[in-house]
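**Q** Below is the structure I would like to discuss, written out as structure tokens.
The values are calculated or read from the model by the stated rules, or taken from the named source; none is laboratory data. Small disclaimer: the values here were computed from a predicted structure and weren't measured. Neighbour counts run over all protein chains shown; Cβ positions are idealised from the backbone, glycine included.
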Amino acid sequence: MKIKAYAIKEKGGKPAPFYYEREIGDNEVSVKIIYCSVARGDVQFISNDWGDTKFPLVPGHEIVGVVEETGANVTALKTGDRVGIGYQQEACFECEFCKAGNEQFCVQQKVICVDCYGGLADHIIVDNRFAFKLPSALYSANAVPLLSSGVTVYSAIERAQLPDRAVVGVLGAGGLGQLAIRFLHKMGHEVYVFSHSLEKKEMINQLGAEFVLSSNADNITAINKQFDFIISTLNVPYDPDTFLRLLKPQGKFCLVASPLNKTPVSLGLLYDYVQRTIYGNYVGSRKNMTDMLNFAAKHHIESEVEVMPFHKMNEAIEKVKAGEVNIRLILENHE
């Protein structure tokens, strides 16, 4: 099958028409792409910020589309099904991690932007086990960010095993942060959001959280709370020690993003009279994805999005690169 896509040929380049051949395997499905996000992560892949981008690069790691063709062994999906596809496209299903239900750690996994082509295209062919049928309660465009950002923060929160009515903090209120706020609020927790953007206060309050202006250290230290859990969605430099001090004994600090440069941490804040934990979270398993989509559908959790036509992909990339968007940009493909 000949697939029309849009690829970046070199670091920092712009997408241009690109064609590649891909046959449908027995366990695979061909999906007509209807919506694809342009996220901060895509821009960082274009800039090769992590050093593992493979060019030509077809970005787009959050996708919603419709199944057009299925392989011989596919029984869980049929033509016409609406599906979501995230960052991971393949796993071996034979290694210790796959057998334990942690396919996201598979040593043979293939992920968009590093091993395979993404959603800036008319179609994508993917293992059917990584194409997830969307609950009918979710709107297609608004559900797109759930496929990577959503599963990342949801699985991070699940790993914390929080008590009822926990006191929790979210660092940053961008795409990841807003979804973390929504999930934590609907789970019944007391949510505080630390952001340097005063203009986000109203939005954060509407999502059910308390706003804390983090550009002033006094605002942080003035909080008379001990936190069970703090999740950081920041990819800009900050001081983790400030927030580790807010955690109660045995409190947990989770990273789902990080600055590109090394970030120092005072290790004594983890063990001195406290037994705190720092952990990172990488996307999620297929079970995490299914659980997250069902939870989102039940509680009407979706992202605020700006939808642009596919042909404005360059404009969308530049807007994200310049930090000119507070909500997720979604490209709609009518071709």
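**Q** Restricting the range 259-282 to residues that are in a loop (DSSP other than H, G, I, E, B) and of a type in the set (S, T, N, Q), which is nearest to GLU62 (Cα to Cα)?
**A** Checking each candidate, the answer is ASN281.
**Q** For the range 55-74, name all the residues that are over 15 Å from PRO15 (Cβ atoms) and not in a strand (DSSP E or B).
**A** Listed by number, the residues that qualify are GLU62, GLY71, ALA72, ASN73, VAL74.
**Q** On the basis of being over 20 Å from ASN235 (Cα atoms), of a type in the set (Lys, Arg) and not in a loop (DSSP other than H, G, I, E, B), does ARG159 make the cut?
**A** In short, yes.
**Q** In the range 223-259, what residues are among the charged types (D, E, K, R) and either under 18 Å from ASN326 (Cβ atoms) or surrounded by fewer than 20 Cβ atoms within 10 Å (Cβ to Cβ) (or both)?
**A** Initial filter on the range 223-259 (among the charged types (D, E, K, R)): 225, 228, 239, 241, 245, 248, 252.
Selection gives LYS225, ASP239, ASP241, ARG245, LYS248.
One line per residue, one yes/no per condition, for (1) out of contact with any strand residue (DSSP E or B) (no Cβ under 6 Å at 6 or more places or on another chain); (2) of a type in the set (Ser, Thr, Tyr):
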{"residue": "PRO249", "(1), (2)": "yes, no"}
{"residue": "ASN261", "(1), (2)": "yes, no"}
{"residue": "SER266", "(1), (2)": "yes, yes"}
{"residue": "MET289", "(1), (2)": "no, no"}
{"residue": "MET292", "(1), (2)": "yes, no"}
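**Q** In the range 283-310, which residue that is assigned to a loop (DSSP other than H, G, I, E, B) and within 16 Å of the chain's Cα centre (by Cα) is surrounded by the fewest Cβ atoms within 10 Å (Cβ to Cβ)?
**A** GLU304
**Q** For the range 89-131, give me each residue that is without any contact (Cβ under 8 Å) to a residue 40 or more places away in the chain and small (Gly, Ala, Ser).
**A** Of everything in the range 89-131, those that are without any contact (Cβ under 8 Å) to a residue 40 or more places away in the chain and small (Gly, Ala, Ser) turn out to be ALA91, ALA100.
**Q** Mind checking which pairs have a first residue in the range 242-257 that is closer than 17 Å to TYR154 by Cβ and in contact (Cβ under 8 Å) with a residue 60 or more places away in the chain and a second that is among the aromatic types (Phe, Trp, Tyr) and surrounded by fewer than 21 Cβ atoms within 10 Å (Cβ to Cβ), Cβ under 6 Å, 6 or more apart or different chains?
**A** Final answer for the pair search is CYS254/TYR279.
**Q** Okay, next question. Select from the range 311-323 the residues that are more than 19 Å from the chain's Cα centre (by Cα) and either free of Cβ contacts under 8 Å to residues at least 24 places away in the same chain or under 18 Å from GLU199 (Cβ atoms) (or both) and list them in ascending order.
**A** Selection gives HIS311, LYS312, GLU315, GLU318, ALA322.
**Q** With GLY251, GLY174 as the choices, which residue is touching a helix residue (DSSP H, G or I) at 6+ places or on another chain (Cβ under 8 Å) and either within 21 Å of ALA296 (Cα to Cα) or of a type in the set (Gly, Ala, Ser) (or both)?
**A** Only one candidate qualifies: GLY174.
**Q** State whether one or more residues within the range 32-41 are within 20 Å of SER303 (Cα to Cα), polar (S, T, N, Q), assigned by TED's automatic domain parsing to the domain that holds LYS133 and modelled with pLDDT of 95 or more.
**A** Kept after step one, since they are within 20 Å of SER303 (Cα to Cα), are these residues of the range 32-41: 33-41.
Going one step further and asking which of them are polar (S, T, N, Q), we end up with 37.
Subsequent filtering for residues that are assigned by TED's automatic domain parsing to the domain that holds LYS133 retains 37.
Checking which are modelled with pLDDT of 95 or more leaves us with 37.
Yes; the residues of the range 32-41 include at least one that is within 20 Å of SER303 (Cα to Cα), polar (S, T, N, Q), assigned by TED's automatic domain parsing to the domain that holds LYS133 and modelled with pLDDT of 95 or more.
**Q** So ILE8 fits all but one of (1) crowded, with 23+ Cβ neighbours inside 10 Å; (2) under 22 Å from LEU260 (Cβ atoms); (3) within 20 Å of the chain's Cα centre (by Cα); what number is the exception?
**A** Answer for ILE8: the failing condition is (3).
**Q** Also, quick follow-up: Of all residues being surrounded by 21 or more Cβ atoms within 10 Å (Cβ to Cβ) and more than 16 Å from the chain's Cα centre (by Cα) in the range 110-122, which is nearest to GLU90 (Cα to Cα)? Just the residue, please. It would help to see each step written out before you state the result.
**A** As a first pass, look at the range 110-122 and keep what is surrounded by 21 or more Cβ atoms within 10 Å (Cβ to Cβ): 112-113, 117-121.
Those left that are additionally more than 16 Å from the chain's Cα centre (by Cα): 117, 120-121.
Details: TYR117: 12, LEU120: 18, ALA121: 18 Å.
So the residue we want is TYR117.
**Q** Keeping to the range 168-222, report how many residues are among the small types (Gly, Ala, Ser), in a helix (DSSP H, G or I) and surrounded by 15 or more Cβ atoms within 10 Å (Cβ to Cβ).
**A** Result for the range 168-222: 3.
**Q** Also: Taking the range 260-274 as the search range and keeping residues that are among the polar types (S, T, N, Q) and modelled with pLDDT under 95, which one is surrounded by the most Cβ atoms within 10 Å (Cβ to Cβ)?
**A** Among those residues, the one meeting the criterion is THR263.
**Q** Based on this model, can you work out whether GLY150 counts as part of a loop (DSSP other than H, G, I, E, B) and crowded, with 24+ Cβ neighbours inside 10 Å?
**A** No.
**Q** Let me ask something else about it. More than 16 Å from the chain's Cα centre (by Cα), farther than 23 Å from ASN333 by Cβ and of a type in the set (D, E, K, R): does that describe ASP52?
**A** Against the criterion (more than 16 Å from the chain's Cα centre (by Cα), farther than 23 Å from ASN333 by Cβ and of a type in the set (D, E, K, R)), ASP52 qualifies.
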